[in-house]
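Have a look at this one.
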Amino acid sequence: MYLSPRHAEIVQMAKDNGRVLVDDLATHFNVTPQTIRKDLNDLCDQRLLSRIHGGALFPSGIENMEYEARRKIAAEEKEAIGRAAAKLIPDNASLFINIGTTTESVSKALLDHNGLMVITNNINVANRMRIYPSIEVVIAGGVVRGSDGGVVGEAAVDFIKQFKVDYAVIGASAIDHDGALLDFDFREVKVAQAIIANARHVILVSDQTKFERTAPVRIGHLSQVNTFITDRCDIPSVRKICQEAEVQLIETSLG
C-alpha cells in the first residue's frame, strides 16, 4: 500500500502517540485543517486510522467493534457478571452506570431493586430503567454517540461532577496485564474518569475477553476500583494487583 510522505508521517505520529489531532497536524505540516481532515478520512478509509471528533486514533490491536456485535460476545458471561454486581448494590442506593454492553447487563439485573437513583450517560440504560417507578433515572447531557447511544464530551463530564454517589458501575474496552484500564474514545474516557472520582465504591465489570484486547486511551488503573467482577481471571499480574491494592476480585465462573 503506497502512502504519501505526509500520510506515512501522520500514521507514524498516531502510532507513537495513540492519537493525532487536526489542529496539531495542520500546524505541524503548515497546511489547512480541511487538508488534514481529508488526509485523515483517506487513512481511515484504508483502515489505517480510526476517526474521532477532532482527529484520529491509531487502531492498536482489535478495533472497537459494532455495538450490536459486542453485545453478543460472551453474552452469558456478561449476564452473570451483571447479576453479581447487582447483588452488591442495595435498595435506596445512588449510582453511576457508564457506557458499555456489560454495564447494560448490570442495569438489567437491577430492575428488581427499589429506591435507586441512577445517573447514566448511556441512553440504552436510561431507556430500559425509566419505565420502573421505583427507580429514578438521571441522564447526562452532551454529545450522543450514534454508534452506541453513549453521551460523551465536556458537558457530560461537568454534569457528572455535580454528584457524589454510593456506587459506580464502569466497564473498559481493554484491560492491560499491568492493570491499565483502556478505551478507544478519549471523550468517553473523560466521563469515566469523572465517574470514578465521584463515587464512594467503584465496581469494574468486564469479561475475560478484555484481557486479550488493547486500546489506545487510558481510563485509569485497576488499583483505583474497589471491586472487579469478571467471569474468570487467569492473568497472574492482574490477580496480584487486586491482592496488593485490596481490590475485591469476584469470578462468576467459579460460582
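Amide H to amide H, which residues 5 or more places from PHE96 or on other chains are under 5 Å from it, using H placed in the peptide plane?
Here ILE119, TYR167, ALA168, VAL169 satisfy the definition.
Using a Cα-Cα cut-off of under 26 Å, which lysines could be cross-linked to LYS15, ignoring same-chain neighbours fewer than 8 residues away?
Straight-distance partners of LYS15: LYS38, LYS190, LYS210.
Under the rule of at least 5 residues apart or a separate chain, name every residue whose amide H is placed under 5 Å from the amide H of GLY220.
LEU181
³J(HN,Hα) across segment 113-123 via Karplus (A = 6.51, B = -1.76, C = 1.60, θ = phi - 60°), whole Hz, x for Gly/Pro?
7, 10, x, 7, 10, 10, 9, 9, 10, 10, 4
Find me the longest stretch of the chain that has none of the exposed trypsin sites (Lys or Arg not before Pro), where exposed means in a DSSP loop (not H, G, I, E or B) with at most 15 other Cβ atoms within 10 Å. Walk me through the numbers before you get to the answer.
On the way: sites that count: ARG47, ARG130, LYS161, LYS164, ARG232.
Longest run free of exposed loop sites: 48-129.
May I pose another question? Below 15 Å, Cα to Cα, which aspartates and glutamates can LYS161 reach? Residues fewer than 8 away in the same chain don't count.
GLU188
Would you tally the net charge around ASP39, using a Cβ to Cβ cut-off of less than 12 Å, leaving ASP39 out, and scoring K and R as +1, D and E as -1?
Around ASP39, the surrounding residues sum to +1.
I would also like to ask the following. Choose one answer from ASP148, ASP234, ASP158: the residue with the largest mean-square fluctuation in a GNM of the chain with alpha-carbon springs under 10 Å.
It is ASP234.
A further question follows. Using θ = phi - 60° and the Karplus curve 6.51 cos²θ - 1.76 cosθ + 1.60, what whole-Hz ³J(HN,Hα) does each residue of segment 148-158 get, with Gly and Pro shown as x?
Computed from phi, the couplings for segment 148-158 are 9, x, x, 9, 10, x, 4, 4, 5, 4, 4 Hz.
A further question follows. Counting only DSSP beta bridges with both residues in the chain, what percent are antiparallel, rounded to the nearest 5?
Working: 16 of 40 bridges.
Within the chain, antiparallel bridges account for around 40 percent of the total.
Further, regarding this structure: Under a point-charge model restricted to the Cβ atoms of Lys and Arg (+1) and Asp and Glu (-1), what is the dipole moment magnitude of the chain relative to its Cα centre, in debye to the nearest 20? Walk me through the numbers on the way to the answer.
On the way: 28 positive and 33 negative charges, 54 e Å.
So the magnitude is around 260 debye.
Quick check for you: which residues of segment 192-208 have the amide N under 11 Å from the point 7 Å beyond the Cα of HIS221 toward its beta carbon?
none
Now for a different question. Can you work out ³J(HN,Hα) from phi for every residue in segment 169-174, in order, using Karplus 6.51 cos²θ - 1.76 cosθ + 1.60 and θ = phi - 60°, giving whole Hz and x for Gly and Pro?
Running phi through 6.51 cos²θ - 1.76 cosθ + 1.60 with θ = phi - 60° gives 10, 10, x, 8, 6, 7 Hz.
Just tell me which lysines come within less than 18 Å, Cα to Cα, of LYS87; anything on the same chain fewer than 8 places away is out.
Of all the lysines, those that pass the test against LYS87 - Cα under 18 Å, at least 8 places apart if same chain - are LYS78, LYS108.
I would also like to ask the following. Tally Lys and Arg at +1 and Asp and Glu at -1 over the other residues with C-beta under 11 Å from the C-beta of ALA93: what net charge comes out?
Values: positive: ARG200; negative: ASP91, ASP166.
Counting the neighbours of ALA93, the net charge comes to -1.
Something else: When the convex hull of the C-alpha atoms of segment 121-234 is computed, what volume per residue in Å³ does it have? Before the final figure, lay out the partial values.
On the way: hull volume 12.7 nm³, N = 114.
For segment 121-234, the hull spanned by Cα atoms encloses 112 Å³ per residue.
We did not get these values from a lab; they are worked out from the coordinates using the rules stated. None of these values were measured; they are calculated from a predicted model. When we count neighbours, we look across all protein chains shown, and the Cβ atoms used for this are built from the backbone with ideal geometry, even at glycine.
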